[in-house]
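These notes concern the structure reproduced below.
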Amino acid sequence: MSASAHDHPELGPPQLIEVADRVFAYIQPDGSWYINNTGFLAGRTSVISIDACSTERRTRAYLDQIAAVTPVPVSTLVNTHHHGDHTYGNSLFGPVTIVGHEKTRAALIAGGLPANSGLWDPVDWGEVTLAPPTLTFADRVRLWSDDRPVEVSYVGQPAHTTNDSLVWLPEQEVLFCGDLLFNGGTPFVLMGSVRGAIDVLTTVVAPIPAATIVPGHGAPCDRELIGTVVGYLEFVLAAARQGVAAGLSPLELARNTDLGEYAGWLDRERIVGNLHRAYSDLDPAHPRVNLAAALRDMVAYNGGVPLSCYA
């Protein structure tokens, strides 16, 4: 596809990093809204991809990188969760088996195709069609890349979303964790649970003996990032307790909250959505979170202008 105003060359090109033997992380800068990471295992006869990208242009660029590494076809695509930056490009992989949690399939179908809502800067999505997982699981499934196991497992409860899965490569000690972790960006749990994300990170993710973690956004890292993200989520929960006690709305509380060490992270407006979810977590009687209202509050926190999106 030809270059366009949507290419944003100032972000720099994606990086292809071999994080273990024949295991690659595809890192897209700057990792903000709809600019995610993917990865793949290059086997002798087929490739397993972990997630797609958000747009036709970005997904085709990723597929070109796979083809530059190996001539063998992609046979399997794993979706770590249903969000569009990881799934809208599914249809561009062709006749592959798409693996995901059963809730990932349901959420992707319910969400439908992307559209420009006015909440974010407009995006050129390209020619994408809805392609939900075709092989679903309730708890876990084991795939194989040649003779090396690939363990895909549901985290057990709402965290980043209701349907997050981990992709663990035990022989290579590499963990692809989807958006349970953001490296340099603000975590986002509006569609999941603040408390649940803390629990999953401390009891499910932390015990995994990963030497390398590929987060959903930002550079590959070590296990230290787990504690950093948990610290932010605990900060959100503590702020929410104070806001509930003071009778403040999530937006009012966000505007009065000093983000401190987290102020420099990308997409700081996510504090508003996270507080909406935290209020619900703290009070079982709290009305169900209105996602549309929470997103509008994020735009209000952003000065009333659409959220930056360079996808």
Odd one out for ARG277, checked against (1) out of contact with any helix residue (DSSP H, G or I) (no Cβ under 6 Å at 6 or more places or on another chain); (2) touching a residue at least 60 places away in the same chain (Cβ under 8 Å); (3) open to solvent by 20 Å² or more (accessible area, probe 1.4 Å) | (1)
Note down all Cβ pairs under 6 Å where the first residue falls in the stretch 173-185 and is among the small types (Gly, Ala, Ser), the second is in a strand (DSSP E or B) and open to solvent by 10 Å² or more (accessible area, probe 1.4 Å), and they're at least six residues apart or on different chains.
-> GLY185/LEU266
If you take the residues in the stretch 247-274 that are farther than 15 Å from LEU237 by Cα and within 21 Å of the chain's Cα centre (by Cα), which one is most open to solvent (accessible area, probe 1.4 Å)?
-> ARG268
Unmet criterion (only one of (1) open to solvent by less than 30 Å² (accessible area, probe 1.4 Å); (2) within 18 Å of ARG277 (Cβ to Cβ); (3) part of a helix (DSSP H, G or I)) for GLY192 = (3)
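Matching residues to (1) more than 21 Å from HIS217 (Cβ to Cβ); (2) part of a helix (DSSP H, G or I); (3) touching a His at 6+ places or on another chain (Cβ under 6 Å):
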site	(1), (2), (3)
ALA239	yes, yes, no
GLY243	yes, yes, no
GLU252	yes, yes, no
VAL272	no, yes, no
ARG277	no, yes, no
HIS286	yes, no, no
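Table: residues versus (1) open to solvent by 20 Å² or more (accessible area, probe 1.4 Å); (2) in a strand (DSSP E or B).
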residue: SER117; (1), (2): yes, no
residue: ASP124; (1), (2): yes, no
residue: GLU127; (1), (2): yes, no
residue: LEU130; (1), (2): yes, no
residue: VAL141; (1), (2): yes, yes
residue: TRP144; (1), (2): yes, yes
residue: VAL152; (1), (2): no, yes
residue: HIS160; (1), (2): no, no
residue: ASN163; (1), (2): no, no
Six or more apart or on different chains, Cβ under 8 Å: which pairs go from a residue in the stretch 111-124 that's among the hydrophobic types (A, V, I, L, M, F, W, C) to one that's not in a loop (DSSP other than H, G, I, E, B)? Could you list them?
-> LEU113/TYR88; LEU119/LEU295; LEU119/ARG296; LEU119/MET298; LEU119/VAL299; LEU119/LEU307; TRP120/LEU307
Surrounded by fewer than 18 Cβ atoms within 10 Å (Cβ to Cβ), out of contact with any Cys (no Cβ under 9 Å at 6 or more places or on another chain) and assigned to a helix (DSSP H, G or I) - does that describe any residue in the stretch 205-226?
-> yes
Check the stretch 88-101 and report whether any residue there is within 22 Å of PRO306 (Cβ to Cβ), among the hydroxyl-bearing types (Ser, Thr, Tyr) and modelled with pLDDT of 95 or more.
-> yes
For the stretch 7-23, state whether one or more residues are in a loop (DSSP other than H, G, I, E, B) and in contact with a helix residue (DSSP H, G or I) (Cβ under 8 Å, 6 or more places away or on another chain).
-> yes
Might you let me know whether the stretch 57-68 holds any residue that is in contact (Cβ under 8 Å) with a residue 60 or more places away in the chain, part of a loop (DSSP other than H, G, I, E, B) and either open to solvent by 20 Å² or more (accessible area, probe 1.4 Å) or among the aliphatic types (A, V, I, L, M) (or both)?
-> no
Listed residues THR76, THR80, THR45; which is open to solvent by 20 Å² or more (accessible area, probe 1.4 Å), in contact with a strand residue (DSSP E or B) (Cβ under 9 Å, 6 or more places away or on another chain) and in a loop (DSSP other than H, G, I, E, B)?
-> THR45
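The values are calculated or read from the model by the stated rules, or taken from the named source; none is laboratory data. The model shown is predicted, which means the values in this text are computed figures rather than measured ones. We place every Cβ from the backbone using ideal geometry, glycine too, and count neighbours over all the protein chains shown. For the accessible areas, the whole protein counts, side chains as well, though only heavy atoms, and no ligand, DNA or RNA atoms are used. Shrake-Rupley method; radii C 1.70, N 1.55, O 1.52, S 1.80 Å.
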